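Asks: One structure, as structure tokens, below. Some questions next.
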Amino acid sequence: EAQVTQNPRYLITVTGKKLTVTCSQNMNHEYMSWYRQDPGLGLRQIYYSMNVEVTDKGDVPEGYKVSRKEKRNFPLILESPSPNQTSLYFCASTAGGYPHNEQFFGPGTRLTVL
Amino acid sequence: QKEVEQDPGPLSVPEGAIVSLNCTYSNSAFQYFMWYRQYSRKGPELLMYTYSSGNKEDGRFTAQVDKSSKYISLFIRDSQPSDSATYLCAMSVDDKIIFGKGTRLHILP
């Protein structure tokens, strides 16, 4: 089944404790992206990758890191999480190198930073 | 002015009504225009996609783009309770994509 998977789905952590949210897709898509979704602010792009070893900042990259060593994986790293990073996070992948093609979203990761 | 503006609603309409959802934008460089639907506790899914001014129809859904006015719309005909969701407009140019905040839609049986 073609899908984007994210782990964990739910995470409660404390300020300053490094964490990684994994994202994996099995569709051989070039473009992958991380978003956060907050009430009243909508869906905002954090980082994106147009292909392996190519990453770039989205609209809200502060406090986050990403890497793209393999085509299928695009982990999101929070080196020192803070409460303002409490949010619902979505990973997405797209065929081709651009976001205007259909984006397939993962199920979301709900993160709470205390 | 934000690049993409979308009324968050909620918008409540009776079943069978025609629904009109809208977004405005300020960046004339946007080339592609999309509508995503998001059900509660799910990720968004693509509904419609267009890159030119005019109308595009897919079943009960019609996407309309007016580049001169920087205005896009999504019309839903014969609305059903299963259409109750949040609808997000999105616009992109090259490798950049911006989503609207989403409009919550309730279709009342």
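Asks: I'd like to check something: does the range B:63-79 contain any residue that is over 25 Å from A:R9 (Cα atoms), touching a helix residue (DSSP H, G or I) at 6+ places or on another chain (Cβ under 7 Å) and surrounded by 13 or more Cβ atoms within 10 Å (Cβ to Cβ)?
Replies: Yes: one or more hits.
Asks: Also, I was wondering about something else. Restricting attention to the range B:95-109, and to residues there that are touching a residue at least 60 places away in the same chain (Cβ under 8 Å) and outside any strand (DSSP E or B), which single residue is surrounded by the fewest Cβ atoms within 10 Å (Cβ to Cβ)?
Replies: B:P109
Asks: If you take just the strands (runs of 3 or more DSSP E) that sit entirely in the range A:17-78, which of them hold at least 2 residues that are farther than 20 Å from A:Q3 by Cβ and hydrophobic (A, V, I, L, M, F, W, C)?
Replies: A:42-51, A:76-78
To keep it simple, each residue is scored yes or no on (1) modelled with pLDDT under 95; (2) over 23 Å from B:Y32 (Cα atoms); (3) surrounded by 14 or more Cβ atoms within 10 Å (Cβ to Cβ).
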position: A:G16; (1), (2), (3): no, yes, no
position: A:V21; (1), (2), (3): no, yes, yes
position: A:S33; (1), (2), (3): no, no, yes
position: A:V54; (1), (2), (3): yes, no, no
position: A:E79; (1), (2), (3): no, yes, no
position: A:A95; (1), (2), (3): yes, no, yes
position: A:N101; (1), (2), (3): yes, no, yes
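Asks: Considering every residue within the range A:85-107, establish whether at least one is away from chain B (no Cβ under 11 Å), assigned to a strand (DSSP E or B), more than 15 Å from the chain's Cα centre (by Cα) and under 19 Å from B:R41 (Cα atoms).
Replies: No: zero hits.
The values are calculated or read from the model by the stated rules, or taken from the named source; none is laboratory data. Every value quoted in this text rests on a predicted model; they were computed, and no experiment measured them. Methodologically, a virtual Cβ is constructed for each residue, glycine included, from the backbone with ideal geometry; neighbour enumeration extends over all protein chains shown.
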